[in-house]
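Notes follow the structure.
The values are calculated or read from the model by the stated rules, or taken from the named source; none is laboratory data. Predicted, not measured: the structure shown is a model, and the values here were computed from it. Note: ideal-geometry Cβ built from the backbone for every residue, glycine included; neighbour counts use all protein chains shown. Note: areas computed on protein heavy atoms with side chains; ligands, DNA, RNA excluded. Shrake-Rupley method; radii C 1.70, N 1.55, O 1.52, S 1.80 Å.
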Amino acid sequence: MEEPVIVETIDSTNAELLRRLSKGEKLHKTALIAYEQTAGRGRTGRRFYSPKNTGVYFSFVYEPQKELVDPALITARAAVGVCRAIGSQFNVTSGIKWVNDIYVNGKKVCGILVEGYVNPQSGKVEAVVVGIGINISMDTSDAPEEFELSGAGGIVPYGTAPLVMRELLAKDCINRIYKILDDDEDVMDEYRKRSVILGKTVTVHPLALEKSEEQSYQAVAVDIADDASLIVQLGDGSQKLLHSGEVSLTTF
């Protein structure tokens, strides 16, 4: 396992590793850390605000030795690894909002994006790129409107974290996630315990609108399945299993 490459600025750490994979490079456990992204992105093509000197943004490639693990489970395992690292480095408790957001003190401090790499010759997903962006100490005065609306913030107050914490936190996250994936650790009990939505009313936002789902709707988050799917209860008492989509919660 090579030491992560660290750069000051890049368009997107995920995009760079996907570019390298497309060139045929073997990149298992290759990690890239950046202190600023000019074109960071989150799920569903959203922009991920990645300013310099306030957070750390990193990605790594993972090629399972056996069959490819479901991306949702990789996301869940990455989320638990990040929470453990944040607790170790900053001595704070963090929670997870299904499926890929980490919260500290009611503020979103981290987003996770898992993207599969499809070999154009075999047509199979042969590797995943796991991208993680963490807001350590955020100055929100110049943040774009969507950042403010997302309820994002930093792990600690602005200006209180030394810049060296960026590298320490990123490497701690990467090492913890590698261990979880290598050991095939079942983290779902911890994932559920860290959930900030279970037992609460959420608004479900389907990613792909089905014929029966024309708009967002409210439901109660009742459980998270072992495959990281979210189980919600509708107003009529029936339950629904969500494999995709997003949920929002007004208060934490």
(request) Just name the residue that is farthest from residue 164 (Cα to Cα) out of those in region 1-29 that are crowded, with 19+ Cβ neighbours inside 10 Å and touching a Ser or Thr at 6+ places or on another chain (Cβ under 7 Å). (result) 17
(message) So, residue 32, is that one in contact with a strand residue (DSSP E or B) (Cβ under 6 Å, 6 or more places away or on another chain) and open to solvent by 20 Å² or more (accessible area, probe 1.4 Å) or not?
(response) no
(request) Given the conditions (1) surrounded by fewer than 22 Cβ atoms within 10 Å (Cβ to Cβ); (2) modelled with pLDDT of 95 or more, report the number of the one that residue 79 does not fulfil. (result) (1)
(message) Filter region 51-74 down to the residues that are of a type in the set (S, T, N, Q) and surrounded by 22 or more Cβ atoms within 10 Å (Cβ to Cβ) and list them by number.
(response) 54, 59
(request) Just give me the residues in region 80-108 being over 21 Å from residue 203 (Cβ atoms) and assigned to a strand (DSSP E or B), in sequence order. (result) 104
(message) What's the total number of residues in region 120-140 that are open to solvent by 30 Å² or more (accessible area, probe 1.4 Å) and either polar (S, T, N, Q) or assigned to a strand (DSSP E or B) (or both)?
(response) 5
(request) Pairs only if they're at least six apart or on different chains, beta carbon under 7 angstrom, first in region 177-200 and farther than 29 Å from residue 233 by Cβ, second assigned to a loop (DSSP other than H, G, I, E, B) and not acidic (Asp, Glu); list them, first residue then second. (result) 178/29; 180/187
